[in-house]
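The values are calculated or read from the model by the stated rules, or taken from the named source; none is laboratory data. Quantities reported herein were computed from a predicted structural model and do not represent experimental measurements. Heads up, the Cβs are rebuilt from the backbone with ideal geometry, glycines too, and the neighbour counts pull from every protein chain shown.
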Amino acid sequence: MRKREGNKEKAILEAAIQIFAKHGYNRAKISLIAQEAGVATGSVYLYYKNKEGILLTIFDQLWLNCTRNLRETTKRSDIDPSQKLDIVIDNFFDLFIANPSLATIFVNEQHKLIQNKRGNVAIHYNEFFDLAEGILHEGVQKRMFNSTADIKLLRHFIIGGLRNTLQQWAQQPQSFPLDNIRKNVKYFIKHGLK
């Protein structure tokens, strides 16, 4: 095993993302995560009680960072709701383009965590989409978006569509380039709201 310099916890999380994506959460082993991170297996247990703790931390960080960025976007008064929506969509796609393994974990594991009420994932996830929904309501108030649109229904439609799209991309990245998908998602959402 190589010696790991720097932030061990960050290395463990990055390694876990790779291992969970490659082997699946249920087949992943702490020893494989430690090996990928370049740390001793015991070092992993200094930071995390078990692999579920690692997975929950990955999702907590994902949604807390996304929510922080979205909150900053919603506060901006120099851009309209349509531009805010573009920023939200861009940030979401940029996150997964930069880390395809994270997209695989998102598709394979997030729904289970929310369904089984594990950790704070559902709280962070819902907070993110509540803020995004606020942009849609702002667009309706400013008469940029159709006032008859059912925002709650649209929210669930977008979430399901993005999840399915990421799943297709994670399985066949060459067939579904995310930059092209991003453009189409923006078009469908924004034109569907007008």
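The residues of region 9-46 that are buried (at least 16 other Cβ atoms within 10 Å of the Cβ) and hydroxyl-bearing (Ser, Thr, Tyr), listed by number, are Tyr25, Ser43.
One residue stands out in region 137-194 among those that are assigned to a helix (DSSP H, G or I) and of a type in the set (Val, Ile, Thr): the one that is farthest from Pro100 (Cα to Cα), namely Val140.
Only residues in region 63-84 that are under 16 Å from Gln141 (Cα atoms) and assigned by TED's automatic domain parsing to the domain that holds Asn146 count as the first member; pair them with residues that are β-branched (Val, Ile, Thr) and not in a helix (DSSP H, G or I), Cβ under 6 angstrom, at least 6 apart or cross-chain, and list the lot. As it stands, the answer is none, since no pair meets every condition given. Scanning region 53-94 for residues that are aliphatic (A, V, I, L, M) and either at positive phi or not in a loop (DSSP other than H, G, I, E, B) (or both) yields Ile54, Leu55, Leu56, Ile58, Leu62, Leu64, Leu70, Leu85, Ile87, Val88, Ile89. Of all residues in region 164-191, those satisfying the criterion of being loosely packed, with under 15 Cβ neighbours inside 10 Å and either touching a residue at least 40 places away in the same chain (Cβ under 8 Å) or among the polar types (S, T, N, Q) (or both) are Asn164, Gln168, Gln171, Gln172, Pro173, Gln174, Ser175, Asp179, Asn180, Asn184. Applying the set (1) part of a helix (DSSP H, G or I); (2) in contact (Cβ under 8 Å) with a residue 40 or more places away in the chain to Tyr25 leaves exactly one unmet item: (1). Checking Ala132, Ala149, Ala170, Ala122 one by one, the residue that is assigned by TED's automatic domain parsing to the domain that holds Ile89 and closer than 17 Å to Asp90 by Cα is Ala132 and no other.
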